[in-house]
Amino acid sequence: MVKKTFYITTAIDYPNGPPHIGHLYEKTIADALARWHRLKGEDVFFLTGTDEHGQKIYKTAKEKGLKPMQLIEKNVAIFKELCKKVNISNNRFIRTTEKEHEKVCQEIFLKLKANGDIYKDSYEGLYCTGCERYYTERELEEGMCPVHKKKPELVKEETYFFKMSKYQDKLLKHINDNPDFIQPESRRNEILNRLKEPLRDLSISRPVESLPWGVPVPGDKDHVLYVWLDALLNYISGIDYPGANFKKYWPANVHIIGKDILWFHTVIWPCELMSAGIKLPKTIQAHGFVNLGGEKLSKSRGITVDPIKLLDEYGTDPVRYFFLKEIPAGEDGNFSYEALVERSNSDLADVLGNLLQRVTVLTHKNFEGKIPKISKLEKIDEELIKESEILEKVDNLMQKYEWNRAVDKIWHFIRACNKYINDTEPWKLKEDKKRLGTVLYILIECLRIISIYIYPFIPETGEKVAKQIGQKIGTLKDVQFTEKTKGKMPQPEILFKKFEIKEEDPFTKVNLKVAEIIDIQDHPDADKLYVMQINLGKEKRQLVAGLKPYFKPEELKGKHIIVVTNLKPAKLKGIESNGMLLAAERKKKVAILQAPNSKPGAQVTVEGIEPGEGQITIKEFQLVQMTTKDKKARYKGKTLKTDSEEVIAEIEDNAKVL
């Protein structure tokens, strides 16, 4: 009998920098779904990878003095390490610089052209390199990209266009006829609302003179393909279009993507496929953002968490469990170390780990680790066995891509097992071996079933649970309660150790960088404030600082100052300040902290303390007590420094840095 196929993909990631926890979250979702469908006995193909062309890659490499492939190779290695550490079961890791992928891109371009859907014209528009897309004025938020909060660049150039407008009616019909095509429903409604406006044709190439890094347009050496034609085609090149694997697995069952790339996947991608005569994927499932302290993750704004460090410190399964349980499917969710510790200690150590520990210890103590035989059932036993019959409900939730509710359903059953052990009190049944054996057998059998249910979500733990009760992981065919389970358990081991919330040094939350003051003006509504424009290397920002009583503008302009880059933006007398410069004050004298020989954007550190990752408040920063000694800025006796020099402050000792 031919197995049912299930083809699942993540979005492919830009390796212009290392991964963040949003990448970890998306891959964990996709992996849980892939593992679930394998447990159902389906033939699963799970694709992830990296998107290695485009302006973002080229620009970042140029800024770092690297060739694009040098930058890419470095960061792709980190993305692959993330996949390994988070225990991703992908069948293939595709890279869009692979020759076979480039060949598919050119083949599809020619198909679109043969269909009369490609033409050449000049284009002028507002381009966001971070998004690799054009925006209209009305799509911007206060003139800024709605995702990256940066002003897009006005670009005018000759490009090839795809007649996307030709497919608007056909696309609308498909969305209306297939309610599951875009999920969740809120995202479907968002796209339907946007499609009430006429669909514009799409620029699908860039001139080599402005972007020499991309897949060459067939027959035109002066143009490369636009990244959102190139990148999306990975979903078919990754299963060897147009070969046997493509015929076997396409159309994809689901693309798991972030909501910020919804338009590309639900409008541009299906229009391209329609033109090429290829079936559309069955579902595009958009997840929300992972926020840190209520703020969207942003490398440029210092709101980041290193996912590899997170996995190393807390372990793969606690991190996987947190994201799959804590963030509602399709919605934004918050990450914090405190919430991760609380969830792991409560659900994993106390609920699941404690259940396993009590059952295995009691079995060793009373039956030498051998699984006892079951005898006559009582009502309480039958009620728990009935509680184990959750397959249909959990599977329905997974089919609807409501993975967090599926986790809730499984943990409801685990809690029922804990209630059962508390109610039956097996530790008091030493004199009634038959009854004790029955209670323990039921609990062991429930743990066997639990090991299967939890495996897609926390696979290492599922295997450990099965091993500790002397069993192997089964499939979803094996989740029915049976009275035939036999075996002997190894010695009990603690499943999860509890974490403690660490008392953090307040400096660990702070991210300091060198910035050059490039312009300085009087604040229009405050006598003591300056409004400064600063260069942070990769970005420019505006600061408001109360330095007017101490310095003239010409004394500040061009200085390489130290800035708290991850301070929550604040308005001072109506003008926003995005960060804060550091100055030292003593006896009514003020000196700014400087690193005169360091480049804008250089990281400022204190020995033994990693720079902060999340956004902080002014109150949190005020807990950091810095001072001066020997004209150097110090924290707890250690000098602030960049990679090339110590931070100076031309002021006497014991000045307060603020």
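Considering every residue within the stretch 220-233, establish whether at least one is surrounded by fewer than 22 Cβ atoms within 10 Å (Cβ to Cβ), in contact with a helix residue (DSSP H, G or I) (Cβ under 9 Å, 6 or more places away or on another chain) and either over 23 Å from residue 67 (Cβ atoms) or β-branched (Val, Ile, Thr) (or both). Within the stretch 220-233, not a single residue is surrounded by fewer than 22 Cβ atoms within 10 Å (Cβ to Cβ), in contact with a helix residue (DSSP H, G or I) (Cβ under 9 Å, 6 or more places away or on another chain) and either over 23 Å from residue 67 (Cβ atoms) or β-branched (Val, Ile, Thr) (or both). Residues in the stretch 485-515 that are surrounded by 15 or more Cβ atoms within 10 Å (Cβ to Cβ) and within 30 Å of residue 451 (Cβ to Cβ): 485, 489, 492, 495, 496, 499. Within the stretch 470-478, one or more residues are in contact (Cβ under 8 Å) with a residue 60 or more places away in the chain, touching a helix residue (DSSP H, G or I) at 6+ places or on another chain (Cβ under 8 Å) and either more than 25 Å from residue 601 (Cα to Cα) or surrounded by fewer than 19 Cβ atoms within 10 Å (Cβ to Cβ) (or both). May I ask you to say which residue of 60, 48, 5, 9 is closer than 18 Å to residue 239 by Cα and in contact with a Pro (Cβ under 9 Å, 6 or more places away or on another chain)? Answer to the selection: 9. Within the stretch 167-177, the set of residues being surrounded by fewer than 17 Cβ atoms within 10 Å (Cβ to Cβ), touching a residue at least 12 places away in the same chain (Cβ under 8 Å) and not polar (S, T, N, Q) comprises 170, 172, 174. So residue 246 fits all but one of (1) at pLDDT 95 or above; (2) in the same structural domain as residue 75 (by TED's automatic domain parsing); (3) within 24 Å of the chain's Cα centre (by Cα); (4) not hydroxyl-bearing (Ser, Thr, Tyr); what number is the exception? Of everything listed in (1) at pLDDT 95 or above; (2) in the same structural domain as residue 75 (by TED's automatic domain parsing); (3) within 24 Å of the chain's Cα centre (by Cα); (4) not hydroxyl-bearing (Ser, Thr, Tyr), residue 246 misses just condition (3).
Give me the residue from the stretch 243-252 that is outside any helix (DSSP H, G or I) and either hydroxyl-bearing (Ser, Thr, Tyr) or touching a residue at least 40 places away in the same chain (Cβ under 8 Å) (or both) and, out of that set, surrounded by the fewest Cβ atoms within 10 Å (Cβ to Cβ). Among those that are outside any helix (DSSP H, G or I) and either hydroxyl-bearing (Ser, Thr, Tyr) or touching a residue at least 40 places away in the same chain (Cβ under 8 Å) (or both), it is 251. Tallying residues that are in contact with an Asp or Glu (Cβ under 8 Å, 6 or more places away or on another chain) and either closer than 30 Å to residue 538 by Cα or surrounded by fewer than 19 Cβ atoms within 10 Å (Cβ to Cβ) (or both) within the stretch 87-106 yields 6.
Among the residues making up the stretch 339-362, those that are buried (at least 20 other Cβ atoms within 10 Å of the Cβ) and β-branched (Val, Ile, Thr) are 359, 360. Among the residues here, residue 574 does not qualify as among the small types (Gly, Ala, Ser), closer than 18 Å to residue 641 by Cβ and out of contact with any Lys or Arg (no Cβ under 7 Å at 6 or more places or on another chain). Here residue 530 passes the criteria (1) among the aromatic types (Phe, Trp, Tyr); (2) closer than 30 Å to residue 357 by Cβ; (3) touching a Lys or Arg at 6+ places or on another chain (Cβ under 6 Å) except the one numbered (2).
Within the span defined as the stretch 418-434, one or more residues are surrounded by fewer than 19 Cβ atoms within 10 Å (Cβ to Cβ), among the polar types (S, T, N, Q) and either within 26 Å of residue 85 (Cβ to Cβ) or assigned by TED's automatic domain parsing to the domain that holds residue 355 (or both). Count of the stretch 67-79 residues, restricted to those that are over 24 Å from residue 155 (Cβ atoms) and either surrounded by 17 or more Cβ atoms within 10 Å (Cβ to Cβ) or of a type in the set (A, V, I, L, M, F, W, C) (or both), is 6. Elements of the type strands (runs of 3 or more DSSP E) sitting completely within the stretch 109-228 and holding at least 1 residues that are more than 18 Å from residue 264 (Cβ to Cβ) and outside the structural domain of residue 402 (by TED's automatic domain parsing): these cover 118-128, 153-162, 205-207, 220-225. Considering only residues in the stretch 9-62 that are assigned to a loop (DSSP other than H, G, I, E, B) and of a type in the set (A, V, I, L, M), the one that is surrounded by the fewest Cβ atoms within 10 Å (Cβ to Cβ) turns out to be 12. All conditions but one from (1) of a type outside the set (S, T, N, Q); (2) in contact with a Gly (Cβ under 8 Å, 6 or more places away or on another chain); (3) buried (at least 18 other Cβ atoms within 10 Å of the Cβ) apply to residue 373; the one that does not is (3).
The residue list 230, 180, 240, 260 contains one member that is in contact (Cβ under 8 Å) with a residue 12 or more places away in the chain, on the phi > 0 side of the Ramachandran plot and within 28 Å of the chain's Cα centre (by Cα), which is 240. Considered as a group, the residues in the stretch 606-658 that are of a type in the set (Asp, Glu) and modelled with pLDDT under 90 include one that is surrounded by the most Cβ atoms within 10 Å (Cβ to Cβ), and that residue is 613.
The set of residues in the stretch 113-127 that are out of contact with any Asp or Glu (no Cβ under 6 Å at 6 or more places or on another chain) and modelled with pLDDT of 75 or more comprises 113, 114, 115, 116, 117, 118, 119, 120, 121, 126.
Restricted to the stretch 518-538, and to residues there that are buried (at least 18 other Cβ atoms within 10 Å of the Cβ) and among the hydrophobic types (A, V, I, L, M, F, W, C), the residue that is nearest to residue 566 (Cα to Cα) is 536.
On the stretch given as the stretch 521-550, residues that are farther than 17 Å from residue 571 by Cα and touching a helix residue (DSSP H, G or I) at 6+ places or on another chain (Cβ under 9 Å) total 2. Checked against (1) touching a Ser or Thr at 6+ places or on another chain (Cβ under 7 Å); (2) under 30 Å from residue 253 (Cα atoms), residue 206 meets all criteria but (2).
Against the numbered list (1) within 30 Å of residue 595 (Cα to Cα); (2) without any contact (Cβ under 8 Å) to a residue 60 or more places away in the chain, residue 513 comes up short only at (2).
The values are calculated or read from the model by the stated rules, or taken from the named source; none is laboratory data. Predicted model only: the values in this text are computed from it and were never measured. Don't worry about glycine lacking a Cβ; one is built from the backbone with ideal geometry, like all the others, and counts go over all protein chains shown.
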